[in-house]
Amino acid sequence: MTELWAAIALLLCMASGFVWWALWRPVPAPQDSNKRQQQTIGLYKTKLAELEQELASATISRSDYDQRLAETQRTLLLETQNKATLNTSRGQSQGGLILVFVALALPVAGLLTYFELGAHSSLEQRVNMQQTRAITQQSESLPQLIEALGVALESQPNNPEGWYLLANSYMQNEQTQQGIAAFEQALSKVQQDSGQHAALLGQYAQALFFNDGDFSSRVNQAIAKALAQDPQDVSALSLLGIQAFEAQNYNAAIGFWQRALPRAGEGQGQSSLQAGIASAQQMLQQSSDPGVSIAVTVNLVNGLQLPASEHAVLFVYAKQAGRPMPLFATKLDPNNLPLNLTLTDAMALQTGSHIGNYQSLDVMAHVALAGVPGRQAGDLVSPSITVLIGNDSKVDLTIDQILK
């Protein structure tokens with residue numbers, strides 16, 4: 001990029017140099033001025049001949065002749081000087097000012113034309129991509145790539161490709177907060193009405209989802225903005241499919257993921273969408289034949305109150321005795337306690353799991369104040385109750401314990 005600007009500056013200097021040379025070079029006298037000068041000399045010669053004739057005929061004395069000759073010569077000299085001065089001043093005052101203006105305006109006009117009509121933005125983007133690609137090739141590990149990109153972007157922050165690569169590198173390294181900040185930088189460096197901006201918005205929404213763990217208001221807002229600019233954005237449609245799947249709206253999930261497929265390309269993205277569609281279709285089949293289920297009632301023990309928490313979630317899950325991982329689970333709003341629900345095959349955490357395949361399951365309730373699975377101090381839980389699986393499986397759960 002530096003070599004390019006040096007070449008542009010050299011060419012502009014050369015162009016201006018021609019103008020300055022035209023300004024300062026000696027200007028020859030115009031042709032009509034030469035004619036007037038010849039006429040003046042002719043008149044002088046005629047006047048001189050008349051004086052000599054008058055002197056020869058004794059019409060004038062020698063002293064008169066000398067005096068009138070001196071006056072004639074003085075007149076010739078003054079007229080010649082005045083005409084030369086007039087021609088020079090006109091040429092320099094009019095043509096000189098124009099040339100000065102042209103010499104000063106030429107570089108400015110050239111640069112303005114280049115930025116307005118030239119490929120300045122495309123060239124800058126190409127240079128940014130080349131620099132980013134070079135950093136990627138030279139980095140041997142993900143932490144090294146993150147460090148190298150950070151250093152490069154400090155000196156050249158107007159590089160959306162670099163910020164995008166840094167954001168994805170942070171996300172791969174599970175540094176979601178830094179990834180979100182890098183995505184925001186990339187978004188600020190591209191035009192808001194461009195396809196690049198829409199694609200970045202979709203991936204920005206994805207980063208927010210990974211960080212927040214659910215469909216928070218800012219995740220939903222980012223999805224809406226991405227789809228407003230590009231209704232077929234793959235990342236935004238994928239997130240909507242996940243949201244519909246979690247709500248057990250499998251038809252909607254299939255629709256979103258099928259819309260995203262044509263632009264997902266080949267590879268892992270396409271495979272993930274196809275797997276999601278297949279899973280949603282299987283869930284639809286299971287929901288049409290619910291099979292064996294477990295009716296569950298959940299309530300709080302008398303006198304126990306829920307702590308104030310905006311993120312609290314009620315998890316109800318069933319697992320095999322002696323196994324840590326649940327097989328079936330659902331999450332609900334604990335503020336609706338007491339409540340009734342039904343655990344079905346549609347709530348299986350592993351594809352192909354069916355409640356009817358087990359003789360018994362341990363069922364329990366857990367109010368997670370942080371809104372994520374996993375027991376933490378302050379959470380509220382019920383005892384685990386073993387339920388025999390049959391056509392009329394029921395269980396009553398009472399939340400009566402606060403974890404310490």
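FYI, it's all coordinate maths here, none of it is from the lab. Model, not experiment: these values are computed from the prediction. A quick note on method: Cβ atoms are made from the backbone with ideal geometry, for glycine too, and the neighbour counts reach across all protein chains shown.
Numerical summary
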| quantity | calculated |
| --- | --- |
| For the stretch 294-402, Kirkwood radius (reciprocal of mean inverse C-alpha pair distance, Å) | 14.1 Å |
| Net charge over other residues, Cβ less than 15 angstrom from the Cβ of SER272 (K, R count +1; D, E count -1) | +1 |
| Around TYR358: net Lys/Arg minus Asp/Glu count, Cβ-Cβ under 13 Å | 0 |
| For ASP230, net neighbour charge (Lys/Arg +1, Asp/Glu -1) across residues whose Cβ lies under 15 Å away | +1 |
| Stretch gain in nm, segment SER271-GLN232, where the contour uses 0.36 nm per residue and the Cα spacing is subtracted | 12.3 nm |
| Projected-area average for the stretch 207-285 over all orientations - Cα convex hull basis, square nanometres | 5.0 nm² |
| Once the Cα gyration tensor of the stretch 261-352 is diagonalised, semi-axes √(5λ) in Å | 33, 18, 13 |
| Centre separation in Å (Cα based) which lies between the stretch 377-401 and the stretch 187-225 | 40 Å |
